[in-house]
Amino acid sequence: MDMITLEHGNGGRKTHELIKDIFYKHFKNDILSQQSDASILGMIDGEVAVTTDSFVVDPIFFPGGDIGKLSICGTVNDLVVTGAKPLYITVGFIIEEGLDIDILEKIVISMAETARQANVKIVAGDTKVVGRGSVDKIFINTTGIGVMDRNELQISNRNIETGDKVIVSGTIGDHGMCIMSKRAEFDFECDIKSDCNLLDKLVADILDVSNKVRIIRDPTRGGVATTLNELIENTGKSVVIYEKNIPVKYSVRGMCKMVGLDPLYVANEGKIILIASIEDAEQIVEVMKQNKLGKDATIIGEIISDAKNRVCLKTESGGTRILNMLEGELLPRIC
């Protein structure tokens, strides 16, 4: 089996063969085919949204996805939760010497397919090869470019009002516990699958039926608890969520108990959490349930007039616990 060598990163014949036989082959589109040092995108009509991210997940293949799919989903999702329509993505690869070329191609195919599903074009890229041990197999950096095509929509935590409802699109903690279960040092045997998915259609469904969505986020690193802390920061309000309403798969809950983790702090890669007006909340949930990625959508809490900017959990036993932002490293290289 052919492997990546340092020669593949020196800008010579091997580099050009790699670009032609793998990247251009699978990412091919009219813009990338310019084969210039900079791609000319043309005019973009509207306000531009930009996001950038890096992906270092370990392992690079996991039930429900891989580092390639994750990189496109993560970038698209960061755009759509702001109300933007994703258009373009750039990708940068840092590859470890010795990686099987077939593995690289499998990752690139996954990226290309996911980009097609999201109707975005991969328009520019870069590849660097480093010596063995300098990185772990492959790291991917992306930049996403989108356009704000719902100008009437103002998604901001500044619009949050007392009584607004907190909605989550489905079971939490799936991705984080999937990755943990596949780490060699843990060696768990379980059937937990990552929720890694594109959220563009789900978010579009929501915004089509309500203009009273205050804010939307994808609760990735730090999980739901940390994301809620971010959402209510500097709002002069607090949020209360109800433990009995929070959807967690039996297998995820069981594994969290085994390793001493709280599902509310575990990463997700295919879920959204949103705050919306009490008037539209039930309708939003019903619309979400019609999408396979929102079939377990539910209202988990509400905004209260407590100026301390706190996230409060009402436990099933009747107590109250303050949920602070995640501190320390829960699980490194989760995405």
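We did not get these values from a lab; they are worked out from the coordinates using the rules stated. Remember, predicted model here, so these are calculated numbers, not experimental data. When we count neighbours, we look across all protein chains shown, and the Cβ atoms used for this are built from the backbone with ideal geometry, even at glycine.
Here are the numbers for the structure shown:
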item	result
Using a Förster distance of 45 Å, the FRET efficiency for residue 113-residue 307 (Cβ separation, nearest 0.05)	0.40
Taking 174, 306, 208 and counting other C-beta atoms within 10 Å, the order from fewest to most	208, 306, 174
The chain shape via C-alpha gyration tensor axes, a/c threshold 1.5	oblate
Residue among 225, 38, 303 farthest towards the positive dipole end of the chain, charges placed on Cβ	303
Structure-based [θ]222 nm, the chain - -39500 (n - 2.57) summed over DSSP H runs of at least 4, per residue, nearest 500	-7500 deg cm²/dmol
Alpha-carbon centroids, segment 206-280 and segment 287-335: separation in whole Å	4
Prolate/oblate/rounded label for segment 157-322 (Cα gyration tensor, a/c 1.5)	oblate
Lys, Arg +1 and Asp, Glu -1 on Cβ, resulting dipole of segment 237-285 about Cα centre, debye, nearest 20	300
Acute angle (nearest 10 degrees) that the helix 250-259 long axis makes with the longest principal axis of the chain, alpha-carbon atoms	80
Unit charges at the beta carbon, dipole of the chain: most positive-side option, 81, 52, 215	215
Neighbour-limited loop hits for trypsin sites (Lys or Arg not before Pro), segment 9-98 (at most 15 other Cβ within 10 Å; DSSP other than H, G, I, E, B)	28
Pairwise label distance in nanometres, residue 150 with residue 242, each label 7 Å out on the Cα-Cβ vector	2.6
Segment 120-178 shape via C-alpha gyration tensor axes, a/c threshold 1.5	oblate
GluC sites (Glu not before Pro) within segment 134-201, DSSP loop, no more than 13 other Cβ atoms inside 10 Å	152, 185, 189
All-pairs alpha carbon distance profile, segment 8-64, 10 Å steps from 0, percent	16, 29, 38, 17, 0
Positive-end residue, the chain charge dipole about Cα centroid, Cβ charges, pick of 156, 98, 142	156
Estimated distance in nm for a label pair at residue 100 and residue 253, the labels positioned 7 Å out from Cα along Cα-to-Cβ	3.9
Local electrostatic count at residue 232 - Lys and Arg +1, Asp and Glu -1, tallied over other residues with Cβ under 15 Å	+1
Two-site FRET efficiency, residue 321 against residue 41, from Cβ-Cβ distance with R₀ of 51 Å, rounded to 0.05	0.60
Size of electric dipole in segment 118-202: Cβ of Lys, Arg +1 and of Asp, Glu -1, about Cα centre, debye, nearest 20	340
Magnitude of the charge dipole, the chain, Cβ model with Lys/Arg +1 and Asp/Glu -1, debye to 20	340
Loop-located trypsin sites (Lys or Arg not before Pro) in segment 243-335, at most 15 other Cβ atoms within 10 Å (DSSP)	295, 308, 333
